[in-house]
Amino acid sequence: MVVWRPHRDEAGRSCRPVLTRGMLPPWHPEWVFHGVSLKWVAEFHWKDPKQLLSVNPGTPARILLPTTPQHRALWLRCYAENDRPEGNRLIALRHGALHGPLAYGLACGVHLAVANGVPWNEVGTVFLDYTSQLESLRDSWGIGGREDWQRQLNFLLDARNSPPEPEFVLRVREGLRGGLHELPSAELWRETAAGHAQDIGADPETVKNIEELVRRIIRYEARFRADGLLPPDGRVTTTVAYDYGRAVNLARWGLSARFCDQYEAEQAIVYAGALSKSAYTSWEDFSAAYALGRVLRFDEEEYGAYFEQNVVAHRLLTEAEGSPWRNIPWR
C-alpha cells in the first residue's frame with residue numbers, strides 16, 4: 001500500500017505533493033516513485049477540505065490546487081475526457097540526452113519508448129514507476145533481482161535472446177547473394193536453407209519449419225515494402241536489432257528497479273548502440289530489422305498490434321522533426 005504523506009509548504013499550508021514525469025529529480029539509489037493518475041488523486045479520501053494538492057513542489061512549475069469536492073469532480077471529468085492509451089507517441093525531455101553516444105544508444109531503443117508512451121532520452125526514473133517496473137520485469141522477463149537482470153541483459157547484448165532460426169536463414173540468403181552477386185530466388189533460398197539444416201543434423205520437423213520461415217520472411221518483407229518500412233528493393237540482413245533495441249530498454253528498466261546503478265545502465269546502452277551501428281547502415285535499416293525480429297517472435301502473420309506498433313513507430317521516427325533519427329546521424 002502506498003502511503004501518501006502530507007507536508008507543509010513554506011507558507012505553512014497543508015499539501016499533498018505530486019510530481020509530473022518531467023519534474024522527477026535525478027536518479028538516486030535510495031529514492032523510488034510510485035505512479036498515480038489524476039483519477040486516483042481525485043478519488044483519494046481528502047479528510048481536510050482545506051488541504052491543497054501541490055503539483056511539482058519546489059520547482060518553478062509548482063501549482064497549488066484546491067481539493068474541494070467540486071474541484072475533484074472537475075478532475076474526474078478532465079480525466080474521463082482525456083483518458084487515452086499512452087502508447088504510440090514520441091516524447092523527449094529537454095534535459096535528457098540529445099547528442100553523443102548515450103543519446104545514440106537510447107535512439108536504438110526508441111521503438112519501445114514510442115510503444116509505451118514514455119520519454120526516449122532519459123536514463124533513470126521516467127520509464128515506469130518503481131512498483132510497476134518490478135512487476136513488469138518479473139511477469140514479462142522472469143527477473144526478480146540483479147543476477148536475473150544481468151543474465152538477460154547479457155543474452156540481449158550477445159543477440160542470444162531471440163530464436164536462432166531467423167538469423168540462420170538470413171545468413172543463408174546473404175551467403176548465396178555473396179556467391180551469386182545477386183539475390184537468390186525464393187526457391188533457391190528455401191532449398192539451400194533446408195539443405196543446410198539437414199547437413200547440421202536437424203530433424204525433419206525442424207527442416208520443414210525452416211522452409212516455412214523463409215516463406216514467412218518473404219511475405220513480411222513484401223508487406224514491409226508496401227508499408228514503407230523497406231525500400232522497393234530492400235531486405236533485412238540480420239534481426240539482431242531486436243535484441244539490441246530491447247537491451248537498451250532492459251538497461252533502463254534495471255536502473256528503475258534498482259538492479260544496477262546509473263553507470264552500468266549507461267554503459268550497457270552505449271554498448272548496445274555501438275553494436276547496432278556495426279550491424280546496420282542506417283536508422284531505416286535498423287528499424288526494419290527490429291520490426292522483423294519482433295513480428296517473427298510474436299505476430300504469427302496476424303498483422304495485428306505487434307505489426308502495427310512497428311509501422312507507427314517507424315513512420316514517427318523517420319518523419320517527425322523532433323525524432324532522434326532526424327537529428328543524430330547513423331554514422
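The values are calculated or read from the model by the stated rules, or taken from the named source; none is laboratory data. Bear in mind the structure is a predicted one, so any value in this text is a computation, not a measurement. Ideal geometry is used to build each Cβ from the backbone, glycine not excepted, and the neighbour counts take in all protein chains shown. Ligands, DNA and RNA are stripped out before the accessible areas are found, and what is left, the full protein with its side chains, is counted by its heavy atoms. Shrake-Rupley method; radii C 1.70, N 1.55, O 1.52, S 1.80 Å.
A simple spin-label model places pseudo-atoms 7 Å from Cα toward Cβ; at E81 and E135 they are separated by 2.9 nm.
Positive end of the dipole of region 84-239 (Cβ unit charges, origin at the Cα centre): among N121, L230, I217, the Cα lying farthest that way belongs to N121.
Binning the alpha carbon pair distances of the chain at 10 angstrom intervals from zero yields the distribution 5, 22, 28, 22, 13, 6, 3, 1, expressed in whole percent. Taking the chain as a Gaussian network, where each spring joins two C-alpha atoms under 10 Å apart, which residue of G304, G105, G245 fluctuates the most? Greatest mean-square fluctuation among the candidates belongs to G304. Peptides 220-230, 315-325, ordered by how many other C-beta atoms sit within 10 Å of their residues on average, highest first, read 220-230, 315-325.
Only beta bridges with both residues in the chain are counted; by DSSP, about 55 percent of them are antiparallel. Look at the alpha carbon pairs under 8 Å that are at least 6 residues apart: their mean separation over the length of the chain gives a relative contact order of 18 percent. Between Y290, Y242, Y280, the GNM of the chain built on Cα springs shorter than 10 angstrom shows Y280 fluctuating the most. What separates the Cα centres of region 270-314 and region 109-185 is a distance of 9 Å. Placing unit charges on the Cβ atoms of the charged side chains and taking the dipole of the chain about its Cα centre, the candidate lying farthest along the positive direction among W75, C15, P204 is C15.
Listed by chain and number, the lysines placed with their C-alpha closer than 22 angstrom to that of K50 are K39; residues fewer than eight positions away on the same chain are left out. For K208, the aspartates and glutamates whose Cα comes closer than 20 Å to its Cα, not counting residues fewer than 8 places off in the same chain, are E165, E167, E187, E191, D199, D299, E300, E301. Which residue fluctuates the most in the chain, going by a Gaussian network model with Cα springs under 10 Å, if the choices are L134, L38, L106? Largest GNM mean-square fluctuation: L38. Qualifying chymotrypsin sites (Phe, Trp or Tyr not before Pro) in region 25-59, where qualification requires a DSSP coil assignment and no more than 13 other C-beta atoms within 10 Å, comprise W31. Taken about its Cα centre, region 227-287 carries a charge dipole of about 160 debye when Lys and Arg each add +1 at the Cβ and Asp and Glu each add -1 at the Cβ. Which of the trypsin sites (Lys or Arg not before Pro) found in region 1-109 are loop residues per DSSP with 12 or fewer other Cβ atoms within 10 Å of their Cβ? For trypsin sites (Lys or Arg not before Pro) across region 1-109 that sit outside H, G, I, E and B with at most 12 neighbouring Cβ atoms in 10 Å, the list reads K47, K50, R94. Given a 1.4 angstrom probe, I'd like the percentage of the accessible area of the chain that is carbon and sulfur, rounded to a whole number. Exposed carbon and sulfur together represent 53 percent of the surface.
Rounded to the nearest 20, the size of the Cβ-charge dipole of region 61-114 about its Cα centre is 160 debye, with Lys and Arg at +1 and Asp and Glu at -1.
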